[in-house]
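Right, one structure below, let's go through it.
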Ligand SMILES: [Zn+2]
């Protein structure tokens, strides 16, 4: 992916409108946040840790900004699919538990008992 | 039933199991080892990414857990308790080996212009693919990408998004401040998103 610098707003093919929305968000709309501020609030937002004002700001930004709207969806999808992918690997691992490890753990406990003796 | 003999069915009852463990019952111990080792090993492997080290972590966890069995409080299950101890053992390893340092992954993080506006416009399909085979391939692809994340980020992602730990718990276990933990988690998710994006945009086929 390359960033061509000038005309970056035009990359989604709706540069003019988008520019106006951004302008409006920065100056016309009290309390609107930039994409970068939106980004910084995501973890708390998804954890439900934001106060009502900050939460509303995030939600408003999601509605107004197509970039962040899509970003949030991709971000959320990524964390969900990560969980699914790792859990699937667990299920595979459960099918073959190494018996030598089980034996080593059982033996370590027996040895530990003998070594520790009776403190009483 | 004989006084001193504990039957298999009784051990299925978590409260009885804990009682027997506290009493030092060998059979109860073996049952827990057999029941939990697979799951614990998977948890340790995910973090340390090395089979022998993962084995050591699980063994260490069982030994330290059952040395401390008297302090076990039935707020959680024995399995969940062991899971936590195993993860902490694995994190200790990572910390000792200095593998948890934050390494730069800037090229995977979102780009903003000077005014704070986002530069990238991601394309994500609305739904998961319908075919189970394809979903399975995606999960495989995602696992490979998770493996590519530096330890410090992968760990943050696993603790929060898989193990379900709170920010505070994860921060404590990693020995960092809560604010730093949030930043690390955010970067881990953002980086993973960048890594798996090609499969959504069709640049890589599942
Ligand atoms: Zn935005």
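The values are calculated or read from the model by the stated rules, or taken from the named source; none is laboratory data. All of these numbers come straight from a predicted model, not from anything done at the bench. Every residue, glycine among them, receives a Cβ derived from its backbone with ideal geometry; neighbour counts consider all protein chains shown.
Does residue B:82 fit the bill of being within 9 Å of another protein chain (Cβ to nearest Cβ), assigned to a helix (DSSP H, G or I) and crowded, with 18+ Cβ neighbours inside 10 Å?
Considered against the rule, which asks whether it is within 9 Å of another protein chain (Cβ to nearest Cβ), assigned to a helix (DSSP H, G or I) and crowded, with 18+ Cβ neighbours inside 10 Å, residue B:82 comes out as no.
Does residue A:83 meet the test of being buried (at least 16 other Cβ atoms within 10 Å of the Cβ) and modelled with pLDDT of 90 or more?
It is true that residue A:83 is buried (at least 16 other Cβ atoms within 10 Å of the Cβ) and modelled with pLDDT of 90 or more.
Only one of A:72, A:60 is within 11 Å of the ligand (Cβ to nearest atom), within 19 Å of residue B:142 (Cβ to Cβ) and within 21 Å of the chain's Cα centre (by Cα); which?
A:72
For residue B:141, indicate whether it is within 11 Å of chain A (Cβ to nearest Cβ), under 30 Å from residue B:16 (Cβ atoms) and not in a loop (DSSP other than H, G, I, E, B).
No, not satisfied.
Has the range B:100-123 got at least one residue that is within 16 Å of the chain's Cα centre (by Cα) and either away from the ligand (no atom under 16 Å from the Cβ) or away from every other protein chain (no Cβ under 11 Å) (or both)?
The answer is yes, given that some residue of the range B:100-123 is within 16 Å of the chain's Cα centre (by Cα) and either away from the ligand (no atom under 16 Å from the Cβ) or away from every other protein chain (no Cβ under 11 Å) (or both).
Quick grid of which residues meet (1) part of a helix (DSSP H, G or I); (2) in contact (Cβ under 8 Å) with a residue 60 or more places away in the chain; (3) surrounded by fewer than 22 Cβ atoms within 10 Å (Cβ to Cβ):
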residue: B:40; (1), (2), (3): yes, no, no
residue: B:46; (1), (2), (3): yes, yes, no
residue: B:60; (1), (2), (3): yes, no, yes
residue: B:64; (1), (2), (3): yes, no, yes
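Tell me whether the range A:17-35 contains one or more residues that are at the interface with chain B (Cβ under 7 Å from one of its Cβ atoms), modelled with pLDDT of 90 or more and crowded, with 17+ Cβ neighbours inside 10 Å.
Yes, the range A:17-35 contains a residue that is at the interface with chain B (Cβ under 7 Å from one of its Cβ atoms), modelled with pLDDT of 90 or more and crowded, with 17+ Cβ neighbours inside 10 Å.
Consider residue A:94 against the criteria (1) more than 7 Å from every other protein chain (Cβ to nearest Cβ); (2) over 17 Å from the mean Cα position of the chain (by Cα); (3) without any contact (Cβ under 8 Å) to a residue 12 or more places away in the chain: it satisfies all of them except one. Which criterion is unmet?
(1)
Output the qualifying pairs, or none if there are none: Cβ atoms under 7 angstrom, residues six or more apart or on different chains, first residue in the range B:73-99 and more than 27 Å from residue B:31 (Cβ to Cβ), second residue loosely packed, with under 14 Cβ neighbours inside 10 Å.
Matching pairs, first to second residue: B:95/B:175.
For residues that are at pLDDT 90 or above and assigned to a helix (DSSP H, G or I), tally how many sit in the range A:89-107.
Number of matching residues: 9.
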